[in-house]
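Peer 1: First, the structure itself, so that you have it in front of you.
The values are calculated or read from the model by the stated rules, or taken from the named source; none is laboratory data. Remember, predicted model here, so these are calculated numbers, not experimental data. Methodologically, a virtual Cβ is constructed for each residue, glycine included, from the backbone with ideal geometry; neighbour enumeration extends over all protein chains shown. Heavy atoms of the whole protein, side chains included, go into the accessibility calculation; ligands, DNA and RNA do not. Shrake-Rupley method; radii C 1.70, N 1.55, O 1.52, S 1.80 Å.
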Amino acid sequence: PSSVTLPSISYCNGLYIIGSRNGSSYCYTSSDSLTWSSISLGQAYEITGAAYGNNTYIATANYGKCLSSSDAVNWSEITVDKSDQWGYYHINWLDIVYNGNRFVAVGSSSFATSTDGHNWTVNQMGPLIGEEIQGPAAKWVAVDYGAGKFVTIGKGAVLDDPNSYYAYSTDGITWSIS
């Protein structure tokens, strides 16, 4: 996989999965990190992360999409961002994690949750939650789970905000932003 830009690597269910960008229609998988298989996605996606749960691989992608596979070879598209409710054309999902009960994907100023990897709920994480302004506008770029918490990091989502942010949640739904 050395001839394309590789933006992400994830280890899921015994497989390394490398995403690709810049119009590539492939991802790459390996069980030993030495021998890699090129997997056709059927069309161009920017794969930014992957997780495994409920016997399903889920890969985050651009334009409000995720991909689903039972074998990490045959992938199908899932539309996660079904509306432009916050003025975005589509949310570019940048990372995903599974904690044994729930998938959590992050991107832009939003997060999405799913218990099965196919039916998703999308919510905004700052600055507007409900009718109240709460916290900074951040572009959430990575998420992980450990020690009973989801943790996400992000950078300022507006041009004049050079700050970095993090948020944490015990359930993947209610977040505290710092």
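Peer 1: Residue by residue through the range 45-77, note down the ones that are farther than 10 Å from ASN92 by Cα, among the hydrophobic types (A, V, I, L, M, F, W, C) and assigned to a strand (DSSP E or B).
Peer 2: Selection gives ALA50, ALA51, ILE58, ALA59, LEU67.
Peer 1: For the range 141-156, enumerate the residues that are part of a strand (DSSP E or B) and either in contact with a Leu (Cβ under 9 Å, 6 or more places away or on another chain) or not aliphatic (A, V, I, L, M) (or both).
Peer 2: Our first condition is that a residue be part of a strand (DSSP E or B); within the range 141-156, this holds for 141-146, 149-156.
The answer is VAL141, ALA142, VAL143, ASP144, TYR145, GLY146, LYS149, PHE150, THR152, GLY154, LYS155, GLY156.
Peer 1: Among (1) modelled with pLDDT of 90 or more; (2) touching a strand residue (DSSP E or B) at 6+ places or on another chain (Cβ under 6 Å); (3) open to solvent by 70 Å² or more (accessible area, probe 1.4 Å), there is one condition THR35 misses while meeting the rest; what is its number?
Peer 2: (2)
Peer 1: Right, here's the next one. Is one or more of the residues making up the range 155-165 under 25 Å from SER68 (Cβ atoms), touching a Gly at 6+ places or on another chain (Cβ under 8 Å) and either at pLDDT 90 or above or open to solvent by 30 Å² or more (accessible area, probe 1.4 Å) (or both)?
Peer 2: Narrowing the range 155-165 to residues under 25 Å from SER68 (Cβ atoms): none.
Checked the range 155-165: no residue is under 25 Å from SER68 (Cβ atoms), touching a Gly at 6+ places or on another chain (Cβ under 8 Å) and either at pLDDT 90 or above or open to solvent by 30 Å² or more (accessible area, probe 1.4 Å) (or both).
Peer 1: Condition test on TRP120, is it closer than 17 Å to ASP81 by Cβ and at pLDDT below 90? If you could, list the steps in order and put the result at the bottom.
Peer 2: Working: closer than 17 Å to ASP81 by Cβ: yes; at pLDDT below 90: no.
Criteria not met by TRP120.
Peer 1: What are the residues in the range 20-32 that are open to solvent by less than 70 Å² (accessible area, probe 1.4 Å) and at pLDDT below 85, if any?
Peer 2: SER20, GLY23, SER24, SER25
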